[in-house]
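The values are calculated or read from the model by the stated rules, or taken from the named source; none is laboratory data. As the structure is a computational prediction, the values presented were derived from the model and not from experiment. Here the Cβ positions follow ideal geometry from the backbone for every residue, glycine too, while neighbour counts run over all protein chains shown. Areas reflect the complete protein model, heavy atoms only, side chains present, ligands, DNA and RNA absent. Shrake-Rupley method; radii C 1.70, N 1.55, O 1.52, S 1.80 Å.
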Amino acid sequence: MLKDSKAFSGFSVKDIDAAHKFYKETLGLDVEQHDDMGGMLTIHINGNDNGILIYPKPNHEPATYTILNFPVQDIVSVVRGLKERGVEFENYDTEYLKTDADSINRSGGPLIAWFKDPSGNFLSVIENQ
């Protein structure tokens, strides 16, 4: 019934203006603002024809899991570049999850580094293997 639907994902933020600035200026993404739809944003990412919807929600609660993953070829250079733009990466030192001095998890699985948007939503860069 839905196999031909062009599904898309979306998530909420507490401050749409801060989100617009972060996703457009800090991350360098193509962001479209929809004033006719309460200021909602659409992020256009290469390979995603429908975009990703970002909508304001006054009682926003950030997700406790990763809502958006960005596959990259060279995670070290991307993490360094984002840090230069002011992005703060998460650091972990637990039995199952450890990040190194570059904030990259190398403890099994793909190389991955997590960071948060201004609303506290978890995002990641993950190295293609």
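Things worth noting here:
- Of all residues in segment 102-111 being of a type in the set (S, T, N, Q) and in a loop (DSSP other than H, G, I, E, B), the one that is surrounded by the most Cβ atoms within 10 Å (Cβ to Cβ): 103
- Every test in (1) over 19 Å from residue 85 (Cβ atoms); (2) modelled with pLDDT under 95 is passed by residue 45 save one, and that test is (1).
- Complete set of residues in segment 63-118 that are touching a Leu at 6+ places or on another chain (Cβ under 8 Å) and polar (S, T, N, Q): 66, 69, 105, 107
- Cβ pairs under 8 Å, 6+ apart, first in segment 80-100 and within 19 Å of residue 118 (Cβ to Cβ) and of a type in the set (A, V, I, L, M, F, W, C), second assigned to a strand (DSSP E or B) and open to solvent by less than 50 Å² (accessible area, probe 1.4 Å): 82/89; 82/115; 82/125; 87/115; 89/99; 89/113; 89/114; 89/115
- Pair list, Cβ < 8 Å and 6+ apart or interchain, from segment 16-30 residues that are on the phi < 0 side of the Ramachandran plot to residues that are among the aromatic types (Phe, Trp, Tyr) and open to solvent by less than 30 Å² (accessible area, probe 1.4 Å): 29/23
- Residue tally, condition farther than 16 Å from residue 122 by Cα and hydroxyl-bearing (Ser, Thr, Tyr), over segment 74-112: 4
- Here the strands (runs of 3 or more DSSP E) wholly within segment 9-96 that include at least 3 residues being touching a His at 6+ places or on another chain (Cβ under 8 Å) and not aliphatic (A, V, I, L, M) are 30-34.
- Counting only residues that are surrounded by fewer than 10 Cβ atoms within 10 Å (Cβ to Cβ) and closer than 23 Å to residue 7 by Cβ, segment 65-101 holds 1 of them.
- Annotation: of all residues in segment 32-51 being touching a strand residue (DSSP E or B) at 6+ places or on another chain (Cβ under 9 Å) and more than 21 Å from residue 71 (Cα to Cα), the one that is surrounded by the fewest Cβ atoms within 10 Å (Cβ to Cβ) is 38.
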